[in-house]
Structure formats: C-alpha cells, structure tokens
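A quick write-up on the structure given underneath.
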Amino acid sequence: MPIFEFLCEDCGQPFEELVFSSSAVDEVTCPECGSAEVQKMISTFASRIAGGSSASSFNTSSAASCAPSGV
Ligand SMILES: [Zn+2]
C-alpha cells in the first residue's frame, strides 16, 4: 500500500494519503483546510517529529524499504 505521510504547511496538520503515482502527490490536499500546500514526509522524518503533536506514525519504520519505487 503506497501510503505516504504529509504535513500541511498552512495549518500544520499531519495526515496520511494513498498515493499511487508520483504525479498524484501534486494533487494531495489537506483534509483539514483543503490547502494544496502540503509537504510529503519520509518515514524517518515523520518518526523524528512523532514526539510532538502526532504519535500515530511511530510504527512506520519498515515503510522506508518500499519508498523509492518508480512504478
Ligand atoms: Zn491544512
């Protein structure tokens, strides 16, 4: 499952989104405010900030192995 973590640059809301291609990343919008200014996070970065507001992404360390796939 190509689930990526994003962070909204407008409201700071972290969220997860299914992304099936690299072009689809550009179409991801924030579920909270609808902003397109979202930042795609890699799992290592997500775990670094997990100690802050969101602790739901603490078990995604294995997701890094399937991240760089060109399809
Ligand atoms: Zn937002």
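Quick notes
- Some residue of the range 3-16 being modelled with pLDDT of 85 or more, part of a loop (DSSP other than H, G, I, E, B), open to solvent by less than 70 Å² (accessible area, probe 1.4 Å) and away from the ligand (no atom under 11 Å from the Cβ): no
- Test result for Ala55, of a type in the set (A, V, I, L, M, F, W, C), modelled with pLDDT under 85 and more than 13 Å from the chain's Cα centre (by Cα): yes
- Comparison of Thr60, Thr29 shows that the only residue that is modelled with pLDDT of 55 or more and away from the ligand (no atom under 16 Å from the Cβ) is Thr60.
- Test for Ser47: is it out of contact with any helix residue (DSSP H, G or I) (no Cβ under 6 Å at 6 or more places or on another chain), surrounded by 15 or more Cβ atoms within 10 Å (Cβ to Cβ), among the polar types (S, T, N, Q) and modelled with pLDDT under 60: yes
The values are calculated or read from the model by the stated rules, or taken from the named source; none is laboratory data. Note that the structure is a prediction, hence the values are computed from the model and not measured. Cβ atoms come from the backbone with ideal geometry, glycine included; neighbour counts cover every protein chain shown. Just the protein is used for accessible areas: all its heavy atoms, side chains included, with ligands, DNA and RNA removed. Shrake-Rupley method; radii C 1.70, N 1.55, O 1.52, S 1.80 Å.
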